[in-house]
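One structure is given below, encoded as structure tokens.
The values are calculated or read from the model by the stated rules, or taken from the named source; none is laboratory data. Being a predicted model, the structure only gives us computed values, none of them experimental. Glycine gets a Cβ as well: all are built from the backbone with ideal geometry, and neighbour counts include every protein chain shown. When the accessible area is computed, the model is the full protein with side chains, heavy atoms only, and any ligands, DNA or RNA have been set aside. Shrake-Rupley method; radii C 1.70, N 1.55, O 1.52, S 1.80 Å.
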Amino acid sequence: MKKFSRRDFLRASALSVGAVAISTGLAGCPFPTDDNENGRPVSFTHGVASGDPLQDAVILWTRVRPDSTPEIPVVTRWEVATDADFANLTHTGSIRSTQAHDYTVKVDVRNLSPGQTYYYRFRAGNRISATGRTRTLPEGSVSNVRLAVLSCANYPAGHFHAYAEAAAEDHLDAVVHLGDYIYEYDNDGFGTEDAEELGRTLPADNNVELITLADYRRRYAVYRSDVSLQALHARAPFIVVWDDHEVANDAWENGAENHNAGEGDFGERKLNALQAWFEWLPIRPASSDDRETIYRTFRFGDLVSLHMLDTRIIGRDQQLDYANYLTQTGIDAQRFQADLTDPNRTMLGAEQLGWIQTALAQSAQSNTTWDVLGQQVLMGRMMLPAEMLANFINPDPSVLLPMFQELAMLKARYLQGDPSLTEAEIARITTVLPYNLDAWDGYFVEREVLLETARKLNRNLVVLAGDTHNAWANDLKTMSGEIAGVEFATAGVTSPGLEQYLQLPDAQVPAAEQALELLVDDLKYLNINQRGYMIVEFTREEARAEWRFISSVKTQEYGLDSARGHAMKTLPGAGNRTLLPVV
């Protein structure tokens with residue numbers, strides 16, 4: 001298998017650089033002309049977007065293509081203004097969109113003012129795009145930052161109502177998308193069982209598993225045709241990272257669970273996937289001149305430093321698999337423990353780990369109130385009684401829920417110091433194993449290094465996570481039990497969660513949630529059966545997460561389930577930094 005090198009990564013991002021224009025102000029010369037200026041029909045069918053905001057810059061995005069063949073370059077103009085009527089223009093310019101970049105266009109608009117709302121649009125031929133609204137990052141003293149946090153949007157699995165609701169929020173400084181923006185499966189893959197009834201089957205030219213560049217590009221086109229996603233992109237700037245499904249399920253640096261024999265070289269597949277990602281999302285690409293990768297920091301004045309990580313593609317070692325440790329008498333615990341705690345085992349890679357440690361130190365020097373990690377997978381310890389794991393592999397609801405309840409009762413008695421518990425009963429709840437080896441639980445030492453770094457620097461650490469399709473809140477502690485921060489994890493936009501995997505009927509969900517919260521030591525909140533998003537708000541006094549849940553992603557008609565909405569907060573300062581309920 002070809003190893004995917006840093007040079008390959010730079011190639012993937014640099015392939016989109018030719019479609020990026022730099023805009024520093026009002027254009028001083030006439031727009032170029034081309035055939036589309038003479039009435040050739042063109043379309044803005046995938047909306048507009050902005051992203052990667054800085055104090056003085058933001059990326060703008062659209063896709064415009066000719067409606068007829070042959071497909072020729074399209075002259076695309078942009079306009080940026082401080083008002084929605086475009087009376088006060090600040091930036092104009094033009095670029096040719098070409099087939100080489102799938103007719104996507106990016107504009108890096110510079111010389112903007114900090115903390116300012118701007119409006120933008122594109123023109124091509126006789127067509128005008130939708131108007132987008134974006135915002136630069138604030139600088140100096142900042143009192144409030146409000147983010148929408150989303151992940152895991154599987155188009156065939158349901159309607160993107162979470163995107164529509166986030167777009168309707170009163171005020172957003174940015175939208176943080178933690179990955180699984182698309183899914184690579186074919187029409188019979190994960191989450192597709194209701195697609196035909198929902199009218200969300202994949203089109204005939206893209207109903208296969210994604211392998212080629214054309215495959216990935218077409219899948220983005222399907223997703224970006226969704227009006228709810230278009231509305232959110234037009235509403236606020238996105239700050240994005242990828243997770244695994246932008247390439248293939250359970251991806252790691254040099255492979256993936258869903259890359260199989262006969263599907264070609266994984267390195268080439270990954271290159272195709274990342275090129276399409278850079279083309280279709282409003283991110284500043286790395287290049288031979290810009291050696292940055294997708295881990296990067298966004299500073300909201302002196303209040304929040306948002307550090308976006310790549311826990312998936314660049315540095316991750318292959319996931320451990322319990323199947324490789326099974327013996328005739330059970331799990332080879334000694335060999336598993338040795339591999340799990342291998343100090344050389346990495347999720348971030350040495351370069352990225354060093355970068356985030358430096359970034360946290362810089363935040364400490366600048367006295368930023370909150371350090372936030374925007375990343376993909378759960379960081380909290382999800383340690384479950386070992387006997388439960390076999391039932392998770394092949395779940396039987398008739399067995400699973402009684403086991404949940406029985407073990408939870410034993411755990412409650414154990415925490416109360418019940419002297420009547422037998423050694424065997426105590427062993428059942430204290431013999432624990434990590435539930436998800438694809439998460440930080442499978443990268444034990446590196447998590448400890450990261451948490452200890454934050455703790456020793458006295459940082460107020462908040463970790464944002466996606467990936468699981470479920471909502472979680474965890475206290476983050478070092479192995480010595482020291483508080484290091486908190487974790488807020490968002491539900492997925494549409495992807496099915498634990499309720500489907502464990503085959504739990506709705507009536508059994510509350511009992512299962514209560515049992516899990518008791519069994520997992522640092523788990524303070526969970527919702528395992530609903531889709532939605534998070535609003536995370538930061539002030540000097542607190543960081544608060546509010547989970548919004550959609551009543552159903554399986555129907556066009558829906559509402560927010562206010563009965564199950566939930567909020568938690570944490571306070572800054574040593575001695576605080578644990579999760580508290582919001583009442």
Inset, instruction - Using a 1.4 angstrom probe on the protein heavy atoms only, line up MET568, MET409 by accessible area, largest first. - result: MET409, MET568
Inset, instruction - Find, among the trypsin sites (Lys or Arg not before Pro) in the stretch 501-583, those assigned to loop by DSSP (not H, G, I, E, B) with at most 14 other beta-carbon atoms within 10 angstrom. - result: ARG540
Inset, instruction - Pick out, from LEU60, LEU502, HIS233, the residue whose Cα sits farthest towards the positive end of the charge dipole of the chain, with +1 on the Cβ of Lys and Arg and -1 on the Cβ of Asp and Glu. - result: LEU60
Inset, instruction - Enumerate lysine pairs in the chain that are 8 or more residues apart or on different chains, then count those whose Cα atoms are under 23 Å apart. - result: 10
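Normalised by the number of residues in the chain, what is the relative contact order in percent for Cα pairs under 8 Å and 6+ residues apart? Don't jump to the answer; show the numbers that get you there.
Numbers: 1370 pairs, mean separation 85.6, N = 583.
Relative contact order, the chain: 15 percent.
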Legend entry - List MET383, MET347, ordered by accessible area with a 1.4 Å probe, largest first: MET383, MET347
Legend entry - Intensity falloff of the stretch 86-179 expressed as log10 I(q)/I(0), Debye formula with alpha-carbon point scatterers, at q = 0.13, 0.22, 0.23 Å⁻¹: -0.68, -1.29, -1.30
Inset, instruction - Normalising by the residue count of the stretch 68-130, find the relative contact order in percent from Cα pairs under 8 Å and 6+ residues apart. - result: 37
Legend entry - the chain, accessible surface, carbon-and-sulfur percent (1.4 angstrom probe): 49
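I'd like the antiparallel share, as a percent to the nearest 5, of DSSP beta bridges with both residues in the chain.
75
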Inset, instruction - Compute the accessible area per residue over the chain, keeping the other protein chains in place, probe 1.4 Å, unit Å². - result: 38
Legend entry - Gyration tensor (alpha-carbon) shape descriptor, the stretch 195-261, a/c threshold 1.5: oblate
Inset, instruction - Using a/c under 1.5 as the rounded threshold, could you call the stretch 123-164 rounded, prolate or oblate? The axes a ≥ b ≥ c are square roots of the C-alpha gyration tensor eigenvalues, and prolate needs a/b larger than b/c, oblate otherwise. - result: oblate
Inset, instruction - Take the alpha carbon gyration tensor of the stretch 461-520, find the square roots of its eigenvalues, order them as a ≥ b ≥ c, and report rounded if a/c is under 1.5; if not, report prolate when a/b exceeds b/c, else oblate. - result: oblate
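Give me the number: length gained by fully extending TYR414 to GLU542, i.e. 0.36 nm times residue separation minus the C-alpha to C-alpha distance, one decimal in nm.
42.8 nm
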Inset, instruction - Evaluate the Kirkwood expression for the hydrodynamic radius of the stretch 470-583, namely the inverse of the mean inverse distance over all pairs of different C-alpha atoms, and round to one decimal in Å. - result: 15.1
Inset, instruction - Could you grab the relative contact order for the stretch 144-216? Cα pairs under 8 Å, six or more apart, rounded to a whole percent. - result: 37
Legend entry - Label-zone membership for the stretch 243-271, site TYR322, 7 angstrom Cα→C-beta point, backbone N under 19 Å: 250, 257
Inset, instruction - With no solvent and one equal point scatterer placed on each C-alpha of the stretch 88-131, evaluate the Debye formula and give log10 I(q)/I(0) for q = 0.20, 0.33 Å⁻¹, two decimals. - result: -0.82, -1.41
Inset, instruction - Sort out for me the Cα centre separation of the stretch 38-95 from the stretch 133-151, rounded to whole Å. - result: 23
Legend entry - Residues with amide H under 5 Å from that of SER43, placed H, sequence gap 5 or more: ARG65, ASP67
Legend entry - Estimated 222 nm signal from helices in the chain, with DSSP H stretches of n ≥ 4 weighted -39500 (n - 2.57), rounded to 500: -7500 deg cm²/dmol
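Counting DSSP beta bridges in the stretch 405-564, what percent are antiparallel, to the nearest 5?
Bridges in the stretch 405-564 that DSSP calls antiparallel: roughly 80 percent.
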